[in-house]
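Peer 1: The structure follows.
The values are calculated or read from the model by the stated rules, or taken from the named source; none is laboratory data. Bear in mind that the values here come from a model prediction, so they are computed numbers and not experimental data. In this analysis, Cβ positions are derived from the backbone assuming ideal geometry, glycine residues included, and neighbour counts consider all displayed protein chains. Side chains included, ligands, DNA and RNA excluded: accessible areas come from the protein's heavy atoms. Shrake-Rupley method; radii C 1.70, N 1.55, O 1.52, S 1.80 Å.
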Amino acid sequence: SDCPPVPVSECVSICQSVCLSPCCPPVPVSDGHMDLHSVSDRPRVCVSEQAARMKKMQEEEKKKKVEFRKRMEKEVSDFIQDSSLQKKRYAPMGKIERSILHDVVEVAGLTSFSFGEDEESRYVMIFKKEFAPCDEELEWYRRGEEWDPKKAEEKRQQKEQAAREQQGSGQTDRPPSPSSNYRDKYSHLIGTSAAKDAAHTLQANSTYGCVPVANKRDTRSIEEAMNEIRAKKRQKKEGEESGGGSSC
């Protein structure tokens with residue numbers, strides 16, 4: 001059956017349960033009723049509008065990135081052509097802008113670094129290859145200080161002087177002595193007086209590693225020993241042959 005028109009005052013409470021069949025004739029709101037077809041189409045309209053706004057925002061963001069990259073490419077190109085400049089510092093910028101600038105600098109063959117404690121204050125500095133910063137200069141920038149070669153050289157000399165003074169004072173001081181005597185510490189193993197007396201009376205053997213001829217049990221030479229061995233073998237062989245002949 002045809003759906004009756006619903007008053008506006010009752011639409012909010014019953015819009016989820018009313019009939020939405022195509023046979024319902026649209027009723028103008030001016031007559032005190034609301035068109036239920038338009039009510040059911042509102043979620044789809046909102047989703048499509050939100051998607052359109054999101055797409056538009058993405059396109060605008062992409063356009064801004066392209067424009068920013070072109071501007072950075074021009075500034076980097078001007079920096080390279082200016083022979084009086086060795087480095088350039090940019091104002092603090094966001095993470096995306098910094099990444100775009102680093103990419104442009106890398107493509108141009110330069111060197112770039114980011115400095116700053118927090119995200120809002122981080123900035124980018126670019127350097128020409130022939131004027132790349134040393135580790136000491138980078139430490140100055142990380143501490144938030146401007147690089148001054150003269151001050152850096154003075155600090156380096158002060159450190160070297162302090163190190164030399166400390167080394168000199170260490171050589172004049174007395175050598176460190178142990179807090180305890182190792183003999184007392186290991187007295188339960190080596191004893192006290194007996195071990196000391198034995199250590200004093202012990203004498204090293206001057207002929208250690210060399211055996212005198214007088215101490216050798218066999219004083220024969222190698223040739224004499226070989227001749228005796230051959231003679232014994234010969235006697236044994238003759239004895240075996242003589243024993244075999246007598247048995248026959």
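Peer 1: From the list Glu137, Glu153, Glu130, pick out the single residue that is under 27 Å from the mean Cα position of the chain (by Cα) and not aliphatic (A, V, I, L, M).
Peer 2: Among Glu137, Glu153, Glu130, only Glu137 is under 27 Å from the mean Cα position of the chain (by Cα) and not aliphatic (A, V, I, L, M).
Peer 1: Filter segment 118-136 for residues that are touching a helix residue (DSSP H, G or I) at 6+ places or on another chain (Cβ under 9 Å) and over 13 Å from Gln86 (Cβ atoms) and give the result.
Peer 2: Glu119, Arg122, Tyr123, Val124, Glu136
Peer 1: Considering each of Ser48, Ser83 in turn, give the residue that is part of a loop (DSSP other than H, G, I, E, B), surrounded by fewer than 12 Cβ atoms within 10 Å (Cβ to Cβ) and polar (S, T, N, Q).
Peer 2: Being part of a loop (DSSP other than H, G, I, E, B), surrounded by fewer than 12 Cβ atoms within 10 Å (Cβ to Cβ) and polar (S, T, N, Q) holds for just one of Ser48, Ser83, which is Ser83.
So that you can scan it fast, the table gives a plain yes or no per residue for (1) closer than 30 Å to His102 by Cβ; (2) at pLDDT 80 or above; (3) among the charged types (D, E, K, R); (4) touching a Ser or Thr at 6+ places or on another chain (Cβ under 9 Å):
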| position | (1), (2), (3), (4) |
| --- | --- |
| Cys19 | no, no, no, yes |
| Ser30 | no, no, no, no |
| Met34 | no, no, no, no |
| Ala52 | no, yes, no, no |
| Lys56 | yes, yes, yes, no |
| Asp78 | yes, yes, yes, no |
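Peer 1: May I ask you to list the residues in segment 157-184 that are open to solvent by 100 Å² or more (accessible area, probe 1.4 Å), under 46 Å from the mean Cα position of the chain (by Cα) and either hydroxyl-bearing (Ser, Thr, Tyr) or at pLDDT 65 or above (or both)?
Peer 2: Those that are open to solvent by 100 Å² or more (accessible area, probe 1.4 Å), under 46 Å from the mean Cα position of the chain (by Cα) and either hydroxyl-bearing (Ser, Thr, Tyr) or at pLDDT 65 or above (or both): Gln157, Gln158, Lys159, Arg164, Glu165, Gln166, Gln167, Thr172, Pro176, Pro178, Ser179, Tyr182.
Peer 1: Could you go through segment 100-110 and let me know if any residue there is part of a loop (DSSP other than H, G, I, E, B), at pLDDT 90 or above and not basic (Lys, Arg).
Peer 2: So far as segment 100-110 goes, yes, one or more of its residues are part of a loop (DSSP other than H, G, I, E, B), at pLDDT 90 or above and not basic (Lys, Arg).
Peer 1: Let me ask something else. Does segment 66-112 hold any residues that are polar (S, T, N, Q) and within 28 Å of the chain's Cα centre (by Cα), and which are they?
Peer 2: Ser99, Thr111, Ser112, listed by residue number.
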